[in-house]
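Student: Dumping the structure here so I can ask a few things about it.
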Amino acid sequence: MAAPMDCLESLEGEGSAGCRASGVEVSVPSDPAAAAPLCPHGPTLLFVKVSQGKEETRKFYACSACRDRKDCNFFQWEDEKLSEARLAAREAHNQRHQPPLSRAQCIERYLSFVQLPLTQRKFCQSCQQLLLPSDWREHGEHQLLSDISITQLRRPSQLLYPLENKKTHAQYLFADRSCQFLAGLLATLGFRRVLCVGTPRLHEQIRLTAPGEKSNTKSLLLDIDFRYSQFYLEDSFCRYNMFNHHFFDGKAALEVCRAFLQEEEGEGVIMVTDPPFGGLVEPLAITFKKLIAMWKEGQSQDDSHKELPIFWIFPYFFESRICQFFPSFHMLDYQVDYDNHTLYKHGKTGRKQSPVRIFTNIPPNKIILPTEEGYRFCSLCQRYVSLENQHCVHCNSCTSKDGRKWSHCFLCKKCVKPSWTHCSTCNRCALPDHSCAGPKDGCFICGALDHKRSNCPNIGISKRPNKAVRKQKQRKSNKIKTEPLKDNP
């Protein structure tokens, strides 16, 4: 699942926590024991507006999954008291926005569907639904696919239209190249069970076997897209919101996940997740830690030091934020690409390369990247890196994050992007046309002197200026460039 490109461009190099509404961050409830109000997507999250490093006094609840209020308009002040009538109306609203079929009904229909002769298996593209003969008349005027084979049923992501509402689902799917690499890597590492959180295509790839053969690897898909309910039995799919750890089908689904994680005393299982990049890192980290705790419940006291192996697929410029919550994570150089995204394609160069990487707590020296796709082993770093990622003798590391060759700045004492130059005014490296108006000391975001940008409470704000401001900065930059060199510091 990927995010819109405009969001990624605004975040690149900023270490931001996400691109939700400007100046909004997740907050801790005043009463941690109090249950959060519910929207159609499960328990809401508590947010607070931040301005110039200071929180506003009043906090509010909003949907955890949707970043656009057009998709879910839930809003409630933390201290707001609702009447019984409003609570009843909200409950009715939540029920109206649930899928038309229950999980049990979907399973019953699926079992009936696979028993039909090939000529009677139809799929409605208009309604995104498998049809039984009793449904045909109702969908007579719709666009239908006929003769749905068992092979097609095992690849639902190719039957279903991707949900490409960029502010809500941003449902971009792994390209076959990345999907096959991940599935092969998991098998090479010896994992027997894969918890796929928001990775439907990887789930399909793992379950694909030749007719008559039995797969050595089991997979459980957790995904918010209810349409997958009609293709899988209860032990293969749970409808799940990864931003609030909500199982839509209640305790039964939660127990399916628990049993999957704790099978064989938790041995041989890994979690692979590909969240929407527009989501905030903090609620995702909180959810993943709950899944880790669920896995640990099945561990003995002697294994308490072990970690649940994880592949978290996310853009490289979230590295510091992810490692803030999971210090044992490392970023791999492998570039993940997507089928239905025009920019995240394999083979592109320079800034057009996919920014998506794999963060993991598995030691990098155990992960072999394909040399035929442009990766090499660095004997000094003891890990695979991209060909352009050259080892820096001064940093004693292969330092590039974006696939390009970076340059070492002796003033900053670190490697920086090739497009950056050292600014003596700011005493740091930045783009040549950047603004020097920011503070020389302290935080570059809010100006406070008691912290740096990486620890700023306002870090979630997108720094992308509006068009007028950008033009003003460009004129100023051009004026500076035309001045005599002797005037430059």
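Student: Name the residues of segment 96-111 whose amide N is less than 19 Å from a point 7 angstrom out from the Cα of Asn73 along the C-beta direction?
Tutor: Within reach of a label on Asn73: 96-98.
Student: Would you mind telling me the share, in percent, of accessible area of segment 165-387 contributed by carbon and sulfur at probe 1.4 angstrom?
Tutor: Details: 4610 of 8870 Å².
Of the solvent-accessible surface of segment 165-387, carbon and sulfur hold 52 percent.
Student: Now a separate question. For Glu80 and Ala92 in the same chain, what is the full-extension length gain: residue separation times 0.36 nm, less their Cα-Cα distance, in nm?
Tutor: On the way: separation 12, 0.36 × 12 = 4.32 nm, distance 1.96 nm.
Residue separation times 0.36 nm, minus the Cα-Cα distance, leaves 2.4 nm.
Student: Still on this structure, I have one more. Can you check what the net charge comes to around Asp333, using other residues whose Cβ is under 11 Å from the Cβ of Asp333 (Lys, Arg +1; Asp, Glu -1)?
Tutor: +1
Student: To continue, here is another question. Give the long-range amide H neighbours of Tyr61: residues separated by 5 or more places, or on another chain, with amide H under 5 Å away, using H modelled in the peptide plane at 1.01 Å from N.
Tutor: Close amide H contacts, sequence-distant or interchain: Phe47, Gln76, Trp77, Glu78.
Student: Right, something else. What FRET efficiency comes out for the pair Ser419/Ala252, r = Cβ-Cβ distance, R0 = 56 Å, nearest 0.05? Intermediate results must be reported in sequence, preceding the final value.
Tutor: Details: r = 53 Å, r/R0 = 0.94.
According to the calculation, E is roughly 0.60.
Student: Please work out the average accessible area per residue across segment 216-321, using the 1.4 Å probe convention, and give it in Å².
Tutor: 35
Student: Return the whole-Å distance between the Cα centroid of segment 137-163 and the Cα centroid of segment 187-265.
Tutor: With segment 137-163 and segment 187-265 each reduced to a Cα centre, they are spaced 21 Å.
Student: Too long at a 30 Å Cα-Cα cut-off: which of Lys49/Lys413; Lys251/Lys366; Lys289/Lys401; Lys59/Lys289? Intermediate results must be reported in sequence, preceding the final value.
Tutor: Details: Lys49/Lys413 36 Å; Lys251/Lys366 37 Å; Lys289/Lys401 26 Å; Lys59/Lys289 24 Å.
Distance filter (> 30 Å) returns Lys49/Lys413; Lys251/Lys366.
Student: Among 148-156, 90-98, 32-40, 188-196, how do they line up by average Cβ neighbours within 10 Å per residue, starting with the highest?
Tutor: Numbers: 148-156: 15.2, 90-98: 11.7, 32-40: 13.4, 188-196: 18.8.
Descending packing order for the listed peptides: 188-196, 148-156, 32-40, 90-98.
Student: Could I ask something else about it? Probe of 1.4 angstrom, ligands and nucleic acids ignored: what's the accessible area per residue over segment 100-148, in square angstrom?
Tutor: Numbers: 2980 Å² over 49 residues.
Solvent-accessible surface per residue comes out at 61 Å².
Student: Do me a favour and compute the ellipsoid semi-axes for segment 22-97 from its Cα gyration tensor, root of five times each eigenvalue, largest one first, whole Å. Mind showing how you got there, number by number?
Tutor: Details: eigenvalues 101, 44, 21 Å².
So the equivalent ellipsoid measures 23, 15, 10 Å along its semi-axes.
Student: Another one. So how much slack lies between Leu208 and Val393, counting 0.36 nm per residue of separation and subtracting their Cα-Cα distance, in nm?
Tutor: Details: separation 185, 0.36 × 185 = 66.60 nm, distance 4.51 nm.
Length gained between Leu208 and Val393: 62.1 nm.
Student: Additional query: Peptides 134-142, 407-415: what's the order by average Cβ count within 10 Å, highest mean first?
Tutor: On the way: 134-142: 11.2, 407-415: 13.9.
Descending packing order for the listed peptides: 407-415, 134-142.
Student: Still on this structure: In the neighborhood of His246, defined by Cβ-to-Cβ distances under 11 Å, what is the net charge if each Lys or Arg adds +1 and each Asp or Glu adds -1? Intermediate results must be reported in sequence, preceding the final value.
Tutor: Working: positive: Arg239, Lys290; negative: Asp249.
Cβ neighbours under 11 Å give a net charge of +1.
Student: Label Gln120 and Cys426 with points 7 Å out from Cα along Cα→Cβ: what is the distance between them in nm?
Tutor: According to this spin-label approximation, the distance is 6.8 nm.
Student: Quickly work out the Asp176-to-Cys436 label distance, labels modelled 7 Å from Cα along the C-beta direction, and quote it in nm with one decimal.
Tutor: Distance between label points: 5.4 nm.
Student: Determine the per residue accessible area of segment 22-97 with all protein chains present and a 1.4 angstrom probe, expressed in square angstrom.
Tutor: Here the residues of segment 22-97 average 61 Å² of exposed surface.
Student: Moving on to the next point. How high is the relative contact order of segment 22-97, given as a whole-number percent (alpha carbon pairs under 8 Å, six or more residues apart)?
Tutor: Values: 95 pairs, mean separation 20.3, N = 76.
Averaging sequence separation for qualifying contacts and normalising by length gives 27 percent for segment 22-97.
Student: Next question, about the same structure. Computing the accessible area with a 1.4 Å probe over protein heavy atoms, can you report the carbon and sulfur percentage for segment 100-148?
Tutor: Answer for segment 100-148 is 49 percent, counting heavy atoms of protein chains only.
Student: What full-extension length gain, to one decimal in nm, is calculated for His142 and Asn216 as 0.36 nm per residue of separation minus the Cα-Cα distance?
Tutor: Values: separation 74, 0.36 × 74 = 26.64 nm, distance 3.99 nm.
Length difference between fully extended and current span is 22.7 nm.
The values are calculated or read from the model by the stated rules, or taken from the named source; none is laboratory data. Given the structure is predicted, the values throughout are model-derived calculations rather than measurements. Note: ideal-geometry Cβ built from the backbone for every residue, glycine included; neighbour counts use all protein chains shown. In case anyone asks, the SASA skips ligands and DNA or RNA and just uses the protein heavy atoms, side chains included. Shrake-Rupley method; radii C 1.70, N 1.55, O 1.52, S 1.80 Å.
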